[in-house]
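Asks: Quick one: the structure is below, and I'll ask about it shortly.
What follows is calculated from the coordinates using simple rules that are stated; it is not laboratory data. The structure displayed is predicted, hence computed values, not measured ones. Here the Cβ positions follow ideal geometry from the backbone for every residue, glycine too, while neighbour counts run over all protein chains shown.
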Amino acid sequence: MANYLLRGGRVLDPSQGLDAYADLRIREGRIAEIASHLTPEAGETVIDCANCWIAPGLVDLHVHLREPGQSYKETLQTGGEAAVAGGFTSICCMPNTEPPLDSPALVRELLQRAERESPCRVYVVAALTQGMHGEQLCDYEGLKRAGAVACSDDAFPIQSAAVMRRAMRACAAAGLPVLTHCEETSLTEGASMHEGEVSARLGLRGMPPSAEALQIARNALLALETGCRLHIQHLSTAIGLTLIRFFRQQGASITTEVTPHHLLLTHHTCEGFDTNAKMNPPLRTPADVDALSEGLIRGDIDCIATDHAPHARFEKEQPFGLAPFGIVGLETALGCVLKWNADRGEPLSPLELIAHLSTRPAQILGLPAGTLQQGAPADVVVIDPDARWQVNPEQFRSMGKNSPFVGWTLSGRVCHTFVNGVRVYSAD
Ligand SMILES: [Zn+2]
Ligand SMILES: [Zn+2]
């Protein structure tokens, strides 16, 4: 296999607190060494990384790959290609497929297919209940043996506290973290955006912040009682963050993620009835965006995840109330996060940004990623943080073109992505 010398970049590795200008050698698929002025060896491909960051490949805990069953939206291959183009080398796929990933056989089969079809590493998050119906528990021990790294009810949040409690107790026993989409659906029926002045003006039914907050509180209480590791998905409200802080003080083991769109956009984005502003949880108020930003800066929010949710054009071309929830995010996440940081006056250092996009999410699920330690598999991304580019969905590798960032100019371009020492993406 090809060996590489990445020369003269700013090497950022949060796992060892490393932020230094240096060279990085990839040999036989692994990180061989990091030092200043390494001499090229015979047969090595030298890549000039001047003005670039050299970082561990990005890790996304929240991706919808749509397989099996919905390959008209995305496939393991196109989703994987979108991931590596966005600098991601490890992604976790959600179980709301057709059929849902609720059995060890389905998990095993998807992992085997991903190995062959996706250029990015794929980890499977299995369903929390059978068929994602919120009633019968799954075989968590079996799911774990099959390779699932967590269980989630994303898209179909369990409404019964009793079922949730049993599921969390059983997942704790099996050693599987639980990832939850927090939504009390009796408060969100028929709603397509945040409930507030904008929804009132547009005549659309809205989702109140209490719908998210109620389930954050419920799930946190159950985490305290069951000892289950709880990860709150796509946090969108200020009150939700306040609750997470409170329950952590009570000793609950909770982590949380925020999406780039919840850091950059508000419910005002829905004003043109653009269905690419329709996602669940919805875009919230400027005060929520400020609170989430503050939470990320202070470290109360652990990581960034995309909730990459590709849909076909005909689906998103429906009227706002009928179009499905969700947007793509893998190919814009890095640029959006750098824009957010620039807009806020650069509160986070490059090392902290890489921690939120790579090392922290890997740690949350115990994935072997997010590090440039010598001997680790060479999952590496080379980023030009200053290169500007315009978001054009026609250039996406993803089959989903549903992005609210179309036409935006972003800084931060992925130049090269390596998975296991293989160059799987190059911008040139
Ligand atoms: Zn969700
Ligand atoms: Zn999701």
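Asks: Under 8 Å for C-alpha pairs, at least 6 residues apart: give me the relative contact order for region 331-428, rounded to a whole percent.
Replies: It comes to 29 percent, rounded to a whole number.
Asks: Right, something else. Which residue, 96, 136, 55, has the largest displacement toward the positive end of the dipole of region 1-139 when charges sit on each Cβ (Lys, Arg +1; Asp, Glu -1)?
Replies: Final value for the positive-end residue is 55.
Asks: Can you give me the relative contact order of region 262-374 as a percent, contacts being Cα pairs under 8 Å and 6 or more apart?
Replies: Values: 114 pairs, mean separation 28.8, N = 113.
RCO, region 262-374: 25 percent.
Asks: Hey, another quick one. Return the whole-Å distance between the Cα centroid of region 8-65 and the Cα centroid of region 225-280.
Replies: 32 Å
Asks: Then there's this: Could you work out the relative contact order of the chain, using alpha carbon pairs under 8 angstrom and six or more residues apart, expressed as a whole percent?
Replies: The normalised contact order for the chain reaches 20 percent.
Asks: Moving on. Between residue 415 and residues 5 or more places away or on another chain, which pairs have amide H atoms under 5 Å apart, with H built 1.01 Å from N, and which residues are they?
Replies: Under 5 Å from the amide H of residue 415 lie the amide H atoms of 382, 383, 384, each far enough along the sequence or on another chain.
Asks: I've got another one for you. Which value, in debye to the nearest 20, gives the size of the charge dipole of region 54-365 about its Cα centre, when Lys and Arg are +1 and Asp and Glu are -1 at the Cβ?
Replies: 540 debye
Asks: Only loop residues by DSSP count here, and only those with at most 16 other Cβ atoms within 10 Å; note down the GluC sites (Glu not before Pro) in region 29-128 that meet that.
Replies: Qualifying residues, ordered by number: 41.
Asks: Let me ask something else. Can you tell which of 228, 71, 179 lies farthest toward the positive end of the dipole of the chain, using +1 and -1 charges on the Cβ of basic and acidic side chains (Lys, Arg; Asp, Glu)?
Replies: About the Cα centre, the residue reaching furthest to the positive side is 228.
Asks: Counting other C-beta atoms within 10 Å, which of 290, 343 has the fewest, and how do the rest follow?
Replies: Fewest-to-most Cβ neighbours within 10 Å comes out as 343, 290.
Asks: Which GluC sites (Glu not before Pro) in region 289-368 sit in a loop by DSSP (not H, G, I, E or B) and have at most 15 other Cβ atoms within 10 Å of their own Cβ?
Replies: Filter output for region 289-368: 317.
Asks: Applying a 10 Å radius around every beta-carbon, put 7-13, 219-225, 181-187 in order of their mean neighbour count, most first.
Replies: 7-13, 219-225, 181-187
Asks: Please give the calculated 222 nm ellipticity per residue for the chain, where each DSSP H segment of at least 4 residues contributes -39500 (n - 2.57) and the sum is spread over every residue; nearest 500 deg cm²/dmol?
Replies: -8500 deg cm²/dmol
Asks: Pick out, in residue order, every one of the trypsin sites (Lys or Arg not before Pro) in region 55-111 that is DSSP loop and has at most 15 other C-beta atoms within 10 Å; say none if there are none. Mind showing how you got there, number by number?
Replies: Values: sites: 66, 73, 108; in loops: 66, 73.
Nothing satisfies the criteria.
Asks: Taking square-rooted eigenvalues a ≥ b ≥ c of the alpha carbon gyration tensor, is region 54-365 rounded, prolate or oblate, where a/c under 1.5 means rounded and, failing that, a/b exceeding b/c means prolate?
Replies: rounded
Asks: Could you sort out which of 144/339; 316/339; 144/316; 144/278 sit more than 29 Å apart by Cα distance in this structure?
Replies: From 144/339; 316/339; 144/316; 144/278, over 29 Å: 144/339; 144/316; 144/278.
Asks: List 381, 149 from most exposed to least, where exposure is judged by having the fewest other Cβ atoms within 10 Å.
Replies: 149, 381
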